Amino acid sequence: MGRYSLLAFFKDQFTSLPDIESIAKDLTGKTVIITGANSGLGLEAARHFATMNPARLILGCRSLKSAEEAVGDIQQTTGCQNVEYWPLDLSSFRSVSDFSDCFEREGGGKLDILVQNAGIVRREYVQTNDGYESILQTNHLSSAFLTLLLLPSLSKVESRIVFVTSELHLVVEFLKEAESPNMIEKLNDKDHCNPEVMRYRYCVTKALNIFFVRALAARLPSYSNITVNAVTPGLCHSKITRDLKGIGAAIYEVFVYLFARSTEAGSRTIVHAALSGSQENMQAKYLNTCRVAEESDFILSVEGPKVQDRLWNETIDILAKQDKRVRNIMTQILREA
């Protein structure tokens, strides 16, 4: 089973990764969506996909200026002109619904690859306009929401969904909030979210990503052509910690300087998760260093599946209130676990 250790971390960080040429595939005629692709890992992954001749490469980003710059950068460096920016703010359920509506109208009816890369890190409690703690909504609820709304398009072709998670999920040895009648309600409780809780909030949401991947895979019927997995790119140079401040941020920057992979190297793990292997050997898998790895002891424990199913049910209850399509998709595309 997986347990966090510095020795394993250093071993992983210095493990050689496959070069992009050994991962690349011809994406002629295919549509790819990457969230959070205006900078860092998402941008470099998008750049790699752009070299593979996709019919459409859609960057889902919240910042217009940086997204436009990313599109221009990718077009200039790869020659691919099939790159476009669509507005997407995962701190807003309305923005997610609007993105899905847009894809339903203009996406051509099918989606081949969805990379859920967008995420945030911060230490303080910030509430979104939807009334949720911002990391919880951005990293889990809205990513799940977008995935569910795009399932009809994903189900029309042999498709792949990739959630970018983190090896830091391994530090989550239990979920105290599972002792409450409603886990998500407790995770969202401002009074509960003290500095110690918020210190580990990013790690917890990365565990929630893996729980969601496993829960979704368990509900895909046997005939489904959708493959869903989770990948950690390891510690990389990126901008995800731009909201961190103080001594903790300074220490992290030193750690990154000494041990982080390049952004390009980390992005290869994402492309690998999206393109490599068969449905049989990639379904519901957690990937590290471009290999199948074990999830945390907690996720694989006897308690893990119980938390997983509760999280799924609570998440669906929340999202179904945001968009009536969620229940229809549950009935038409998924099955009971």
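Express in nm, to one decimal, how much length is gained between residue 22 and residue 156 on full extension, taking 0.36 nm for each residue of separation and deducting their alpha carbon distance.
Difference between extended and current length: 45.5 nm.
Holding the Cα-Cα limit at 19 Å, pick out from 156/285; 186/285; 176/206; 30/156; 156/324 the pairs that are longer than that.
From the list (156/285; 186/285; 176/206; 30/156; 156/324), the Cα-Cα distance tops 19 Å for 156/285; 186/285; 156/324.
Output ³J(HN,Hα) for segment 17-27: one whole-Hz value per residue in order, computed from phi by the Karplus curve 6.51 cos²θ - 1.76 cosθ + 1.60 with θ = phi - 60°, and x for Gly and Pro.
9, x, 6, 5, 5, 7, 9, 4, 9, 6, 9
How high is the relative contact order of segment 18-85, in percent, with contacts defined as C-alpha pairs under 8 Å that are six or more residues apart?
Contact order relative to length: 33 percent.
At 7 Å along the Cα-to-beta-carbon direction for both residue 259 and residue 55, put a label point, then send me their distance in nm to one decimal.
Label at residue 259, label at residue 55, 4.4 nm between them.
State the label only: which of (i) 50, 49, 39; (ii) 56, 44, 43; (iii) 60, 46, 38 corresponds to Cα extents along the principal axes in Å computed from the shown model?
(i)
About its Cα centre, how strong a charge dipole does the chain have in debye, to the nearest 20, once Lys and Arg get +1 and Asp and Glu get -1 at the Cβ?
220
Using label points projected 7 Å from each Cα along Cα→Cβ, tell me how many nm separate residue 320 and residue 15, to one decimal.
Rounded to a tenth, the inter-label distance reads 3.9 nm.
Just need the relative contact order of segment 6-326 here, percent rounded to a whole number, with Cα pairs under 8 Å and 6+ apart.
Computed value for segment 6-326: 21 percent relative contact order.
What is the extension gain from residue 63 to residue 84, computed as 0.36 nm multiplied by their sequence separation minus the C-alpha to C-alpha distance, in nm to one decimal?
Value of the extension gain: 6.2 nm.
In nanometres, what is the gap between the two model label sites at residue 281 and residue 130, each 7 Å from Cα along Cα-to-Cβ?
With each label placed 7 Å out from Cα toward Cβ, I get 3.7 nm.
Estimate the FRET efficiency between residue 6 and residue 331 by the formula 1/(1 + (r/R0)^6), using the beta-carbon distance for r and 56 Å for R0, to the nearest 0.05.
Given R0 = 56 Å and the Cβ-Cβ separation, E is 0.75.
Every read-out reported here was derived from the displayed coordinates using simple, explicitly stated rules and does not represent laboratory data. Here the structure is a predicted model, which means the values were calculated and not measured. No Cβ is skipped: glycine too gets one built from the backbone with ideal geometry, and neighbour counts run over all protein chains shown.
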